[in-house]
Every structure is written in C-alpha cells, then in structure tokens.
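Trainee: Could you have a look at this structure, given as structure tokens, before my questions?
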Amino acid sequence: MNPVQRPPAEPGGRDVRGDLEPIPGQLTLPGMPHPEPETGQLTLPGLDDVGERAVSGDPELAAVAAELIDLDADGARMGAAIRGALDMLLDGQHTGRYRWDQLHKTEKTHAGTLVEIALARTLRLADGTTLDYTIAGADVDCKFSHKLGGWMIPPEADGKLLLLVQASDEDGTWSAGLLRAAEANLRPSGNRDLKRALNDRGRAAVRWLHARAPLAENALIRLPDRDVTAIFASGSGQQRVNELFRRAQRMRVSRTVVATVAMQDDYMKRVRDGGGARDQLRGEGIVIFGDYAGDQVLASALGLPRPGPGEFVSARLARRGGRPADGAEQAFARFIRVAGADWLLASPADSAGPAPVLPR
C-alpha cells in the first residue's frame with residue numbers, strides 16, 4: 001500500500017482537511033479512502049494494488065495510473081494546475097470574486113475545459129485521438145466536477161478511460177482518480193445531451209490517485225464573513241490590502257488573494273516596502289513574511305506557516321520580555337532575533353508598537 005501520513009495542523013493556521021472524516025453535507029463515495037483509526041493515516045491505492053487488480057481486469061487503466069504517478073507522484077503538479085485553473089476562472093483581480101458560488105452558471109461550465117488544459121500543460125500530456133489526452137498509449141477523457149461524484153460522461157467516452165478530477169475551495173481539497181466508462185458503471189439514462197452520471201458501482205470503482213489532497217488555501221474562504229466584509233469595505237486598493245493582512249494573520253495569503261483584494265494591475269506594489277502594507281502596518285507591530293529564504297526561516301522559527309512561492313504570512317510581534325508578569329511564559333515561547341532584539345508573536349495583552357524591519 002501507499003500510506004500518506006496526515007500532516008499536523010500548523011500553529012496559528014487551519015488544517016483544512018480536519019480529521020479527514022467525511023465533511024458534513026458532502027457526498028462520500030463508496031471506495032473513497034479514509035484514515036485508519038489506529039494510525040490516523042490515509043491509505044491510498046498504490047501502483048502495486050492498482051496493477052494487481054488490473055491483471056485480470058483492466059491493464060490499460062493500470063498503465064495509465066503508472067504513468068500519471070510517474071509524472072507526479074505526490075500530486076503537487078496536479079494540485080497547482082487545478083488551483084491555477086480555478087483562479088483563472090474566478091479572475092479575482094478584475095472581478096473581486098473568490099468563491100465558486102459567485103460564478104455565473106455559464107462560467108461554471110468552462111471549469112472543466114480550464115482544468116483539462118491546465119493539466120495537459122503542467123504534465124505535458126499529448127492530445128488524444130478522440131478524447132482529451134493520450135496517456136500510456138490510451139485515450140483518456142478528463143472530467144471535472146466541483147462536487148464529488150458530479151461528473152457527467154458524454155457518449156463519446158463510453159468504454160474509454162476517464163480521469164475524474166474534483167476540487168472545492170470550501171472543503172480545501174482536491175481529488176483525482178481513474179475509471180473505465182463501462183456500461184456497468186453508468187446510470188442507464190442521461191440528460192438531454194445524452195451525458196450520464198456514475199451509478200453506485202461506478203463511484204465505488206474509481207481508482208484514486210490522489211484523494212482529498214489539500215488544495216492551496218484561499219485565505220478569503222477561511223476568514224469569517226465579517227472579516228471579508230471589512231476587507232472589501234474600503235474604496236482604496238491599498239487600504240483593502242492593509243486590512244487583509246490585519247485580519248488574515250498567521251495564515252498563508254497568496255498573490256491571487258492579494259490581487260483579488262487590490263483589484264489593481266500593480267497589486268504587488270500594495271504589499272512591498274516603500275509605501276506598501278509592509279511599511280504601513282509596521283507601526284502597528286505587524287510584519288509580513290514573504291517567500292524570501294530569510295523570511296521563511298524566521299516564520300518557521302516562530303511556528304508560523306512557512307510562506308511558499310508567491311505567498312505571504314502576516315503576524316503581529318512584540319518584544320520578548322516586554323510583559324514582566326508573563327516572563328516565565330515568554331521564556332518558553334518561540335522567538336526570533338532581529339535588529340539586536342528578541343521578538344515573539346504578540347498576544348492580545350501586548351500593546352501595539354513598531355515592528356522590526358525584516359532583514360533582506
């Protein structure tokens with residue numbers, strides 16, 4: 001088997017997968033892997049398992065699975081492609097949208113095409129003869145659904161292999177699996193376009209390559225509605241970005257979220273030193289760690305989420321030892337040394353004071 005250990009929740013952040021239990025209101029498919037109760041591990045079908053099942057069943061499916069896992073064993077490339085496709089669809093920089101339910105119905109129908117193209121480019125998949133891709137010599141059709149189990153299979157894919165992809169910002173996860181569009185796996189009747197949904201047997205037969213993997217976080221989804229309302233209340237792009245980093249502290253904020261809030265072509269200018277949020281929030285004790293190597297080290301040392309490429313993490317700092325009554329507690333707290341002083345994450349009891357300038 002191919003056990004994948006569930007990572008611990010990051011300090012100050014949120015583990016969007018929770019305990020990997022079924023999410024309330026979410027469809028749970030038969031055959032969808034869940035954590036083993038004793039180990040807390042999520043066990044996914046590995047190459048050996050898929051191959052063994054396919055010896056007397058579907059060796060073509062096993063070959064496609066092997067090639068996809070060889071191209072992207074941990075799913076990082078697929079996850080990034082899906083994230084990028086969703087962000088392109090929302091077009092937050094020009095629309096201010098950040099949720100699936102803010103899209104028009106006609107826009108949602110284009111999500112599958114964007115995901116299909118993004119995966120082809122990212123994994124360098126060849127065009128198919130009659131379907132989307134050629135993988136391991138087989139024609140494969142890519143189908144995307146925002147909801148798990150919501151895929152609709154066209155007549156031209158009957159009997160062919162399907163790459164089933166699902167992603168949801170609300171759940172913070174994405175999944176991808178393979179299935180043969182055999183008659184036994186499809187409902188007998190379809191819609192007016194003759195597209196058919198999977199039946200119970202089909203849903204149970206999906207061979208998961210990546211199941212409920214973490215989707216790169218959209219901070220605006222994770223914030224309470226009152227905070228999002230406050231962020232968008234200002235008419236100034238700079239003030240909206242400032243409010244974003246005030247309210248989304250200790251969590252990863254992507255460039256896409258900054259662009260969505262700023263709604264300006266020069267959105268990155270609203271973060272940088274030299275007049276951006278880094279300068280304007282420093283007087284409130286707030287620092288903004290970026291994807292610089294030094295910033296990543298400092299953020300990790302404080303127990304904050306480590307900002308990845310194109311990500312930021314804000315936090316309010318206080319001088320270590322600034323509250324004598326809490327000296328014993330502070331002695332065991334994580335801290336960093338910047339500009340000759342020791343700094344730790346501020347608590348609500350710490351008064352606002354200037355934050356240090358992070359070294360570059």
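Trainee: Would it be correct to say that Val271 is open to solvent by less than 10 Å² (accessible area, probe 1.4 Å) and of a type in the set (A, V, I, L, M)? I'd like the intermediate steps shown before the answer.
Mentor: Values: open to solvent by less than 10 Å² (accessible area, probe 1.4 Å): yes; of a type in the set (A, V, I, L, M): yes.
Spelling it out, Val271 is indeed open to solvent by less than 10 Å² (accessible area, probe 1.4 Å) and of a type in the set (A, V, I, L, M).
Trainee: Moving on to the next point. Would you please list the contacts, defined by Cβ atoms under 6 Å and residues six or more apart or on different chains, that run from a residue in the range 177-195 that is under 24 Å from Ala62 (Cα atoms) to a residue that is of a type in the set (Lys, Arg) and part of a loop (DSSP other than H, G, I, E, B)?
Mentor: Ala181/Lys160
Trainee: Regarding Asp91, is this residue out of contact with any Pro (no Cβ under 8 Å at 6 or more places or on another chain), open to solvent by 70 Å² or more (accessible area, probe 1.4 Å) and at pLDDT 95 or above?
Mentor: Working: out of contact with any Pro (no Cβ under 8 Å at 6 or more places or on another chain): yes; open to solvent by 70 Å² or more (accessible area, probe 1.4 Å): no; at pLDDT 95 or above: yes.
The answer is no for Asp91.
Trainee: Search the range 94-118 for residues being in contact with a Lys or Arg (Cβ under 9 Å, 6 or more places away or on another chain) and under 20 Å from Thr260 (Cα atoms), and hand back the single one that is least open to solvent (accessible area, probe 1.4 Å).
Mentor: My answer is Leu103.
Trainee: Residue check: is Ser168 open to solvent by less than 10 Å² (accessible area, probe 1.4 Å) and farther than 19 Å from Ile69 by Cβ?
Mentor: Numbers: open to solvent by less than 10 Å² (accessible area, probe 1.4 Å): yes; farther than 19 Å from Ile69 by Cβ: yes.
So Ser168 fits the description; yes.
Trainee: Please find, within the range 186-232, the residue that is surrounded by the most Cβ atoms within 10 Å (Cβ to Cβ) out of those that are of a type in the set (Gly, Ala, Ser) and in a loop (DSSP other than H, G, I, E, B). Give the steps one after another, and end with the answer.
Mentor: In the first step, residues of the range 186-232 are kept if they are of a type in the set (Gly, Ala, Ser); the result is 189-190, 197, 202, 204-205, 211, 213, 216, 219, 230.
If we keep only those that are in a loop (DSSP other than H, G, I, E, B) as well, we get 189-190, 216.
Numbers: Ser189: 8, Gly190: 15, Ala216: 22.
Applying the filter and picking the extreme gives Ala216.
Trainee: Which of the residues that make up the range 119-140 are surrounded by fewer than 21 Cβ atoms within 10 Å (Cβ to Cβ) and under 25 Å from the mean Cα position of the chain (by Cα)?
Mentor: Answer for the range 119-140, where residues must be surrounded by fewer than 21 Cβ atoms within 10 Å (Cβ to Cβ) and under 25 Å from the mean Cα position of the chain (by Cα): Ala120, Arg121, Thr122, Leu123, Arg124, Leu125.
Trainee: I'd like the full set of residues that are open to solvent by 20 Å² or more (accessible area, probe 1.4 Å) and among the hydrophobic types (A, V, I, L, M, F, W, C), limited to the range 242-261. Full working, then the answer.
Mentor: Of the residues in the range 242-261, the ones open to solvent by 20 Å² or more (accessible area, probe 1.4 Å) are 243, 246-247, 249-252, 254-256.
Within the range 242-261, just Met251 meets the criteria.
Trainee: Quick one: in the range 275-295, of everything that is free of Cβ contacts under 8 Å to residues at least 40 places away in the same chain and open to solvent by 30 Å² or more (accessible area, probe 1.4 Å), which residue is nearest to Gly237 (Cα to Cα)?
Mentor: Gly275
Trainee: Does Arg316 satisfy being open to solvent by 60 Å² or more (accessible area, probe 1.4 Å), within 17 Å of Arg252 (Cβ to Cβ) and modelled with pLDDT of 95 or more?
Mentor: Values: open to solvent by 60 Å² or more (accessible area, probe 1.4 Å): no; within 17 Å of Arg252 (Cβ to Cβ): yes; modelled with pLDDT of 95 or more: yes.
So Arg316 does not fit the description; no.
Trainee: Can you give me the number of residues within the range 216-233 that are touching a strand residue (DSSP E or B) at 6+ places or on another chain (Cβ under 8 Å) and without any contact (Cβ under 8 Å) to a residue 40 or more places away in the chain? Give the derivation first.
Mentor: Within the range 216-233, the subset touching a strand residue (DSSP E or B) at 6+ places or on another chain (Cβ under 8 Å) is 216-219.
The next check asks that each one be without any contact (Cβ under 8 Å) to a residue 40 or more places away in the chain; those that pass are 219.
Adding up the residues that qualify gives 1.
Trainee: How about the range 56-114: which of its residues are assigned to a helix (DSSP H, G or I) and among the polar types (S, T, N, Q)?
Mentor: Filtering the range 56-114 down to residues assigned to a helix (DSSP H, G or I) leaves 59-71, 76-90, 92-95, 100-102, 105-108, 111-114.
Matches in the range 56-114: Gln93, Thr95, Gln102, Thr106, Thr113.
Trainee: If you don't mind, another one. Just to verify a result, which residue in the range 234-253, among those that are touching a residue at least 24 places away in the same chain (Cβ under 8 Å), part of a helix (DSSP H, G or I) and among the polar types (S, T, N, Q), is nearest to Asn218 (Cα to Cα)?
Mentor: Per the stated criteria, the residue is Asn242.
The values are calculated or read from the model by the stated rules, or taken from the named source; none is laboratory data. These numbers were taken from a predicted model, which means no experiment stands behind them. As a convention, Cβ positions derive from the backbone with ideal geometry for all residues, glycine included, and neighbour counts pool all protein chains shown. The protein model used for the area step is the full one, side chains on, heavy atoms only, and it has no ligands, DNA or RNA in it. Shrake-Rupley method; radii C 1.70, N 1.55, O 1.52, S 1.80 Å.
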